[in-house]
Amino acid sequence: ASQSLAPADIDEVFVGRGPGSFPGVRIGVATAKGLAHGRGVPLFGVVTLDAIAWSCVDHEGLLGVVGDAMRGEVYPALFELAEGHVRRLEGDRVRFPSHAADDWSGVGELMLAGNGLRKHLGVFQECLGGRATVLPERLWRTSGAGLLAAYAEEHRRGGQGDGEPATVLPVYTRLSDAEENERSQVGETTGESAPDSGVRGPGFGEAQ
């Protein structure tokens, strides 16, 4: 409304598809799909951590994006920023803050951004010491400009698909509370260990 735009002015829809809070990701993706279906326009999804990295593209060097995964955990991802470009060095995963910080302890100078720092910044500063530079908090969140920039890079590499709304899926990275509780209950009922959800993800440098 502040831009004097009407629904008829929408030609494409972009959405951050996570990782993030389960309700937030579901609502965001569902709303974007509704808009795209209603207008009959393409929908493109962007990984939230990539959008944050692109919001920081005016800086150069290694960037650690720390998303808040709740439950005392984070969504960490390492990027390289150089000459106006962003290159992801890790896949999506879930880690305890101390483990994520330890993963990055050997990379040298590192910039930090992401909403997970609001809770866990001290853990990263303690582990990384003077090698860590915390970027301004205005760069910690997903922005429209970051979404568009991340999309443009994916489009340039031919990785954004055909814009079909049904194919845009959330990035959850791990099971929801309900799914993990169900697995625990299955284990208690059968006397067997619940299957491993694999949510800890690969180690440093093993991008999925």
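When the Cα positions of 34, 10, 54 are compared along the charge dipole of region 1-157, 34 comes out farthest toward the positive end, with charges on each C-beta of Lys, Arg, Asp and Glu. With the convex hull of the Cα atoms taken as the outline of region 1-93, the averaged projected area works out to 7.6 nm². Close amide H contacts of residue 114 (hydrogens built in the peptide plane, cut-off under 5 Å, sequence separation of 5 or more or a different chain): 66, 140. Computed over region 12-165, the convex hull of the alpha-carbon atoms projects to a mean area of 8.7 nm².
Legend: residues 151, 75, sorted from most to least accessible area (1.4 Å probe; ligands, DNA and RNA excluded), read 151, 75.
Cα-based radius of gyration for region 1-48, normalised by 2.2 N^0.38 Å, reads 1.20. Distances between placed amide hydrogens fall under 5 Å for residue 16 paired with 46, all partners being 5 or more residues away or on another chain. Taking 14 Å as the cut-off, the amide N atoms of region 13-46 that come nearer than this to a point 7 Å along the Cα-to-beta-carbon line of residue 157 belong to 46.
For region 122-170, the list of trypsin sites (Lys or Arg not before Pro) that fall in a loop by DSSP and count at most 11 other C-beta atoms within 10 angstrom reads 157.
Loop-located trypsin sites (Lys or Arg not before Pro) across region 1-81 with a Cβ neighbour count of 16 or fewer within 10 Å are 71, with loop assigned by DSSP.
The values are calculated or read from the model by the stated rules, or taken from the named source; none is laboratory data. Since this is a predicted model, take the numbers as computed values, not measurements. Please note: Cβ atoms are built from the backbone with ideal geometry, for glycine as well, and neighbour counts cover all protein chains shown. To get the accessible areas, we keep the full protein, side chains included, count just its heavy atoms, and leave off ligands, DNA and RNA. Shrake-Rupley method; radii C 1.70, N 1.55, O 1.52, S 1.80 Å.
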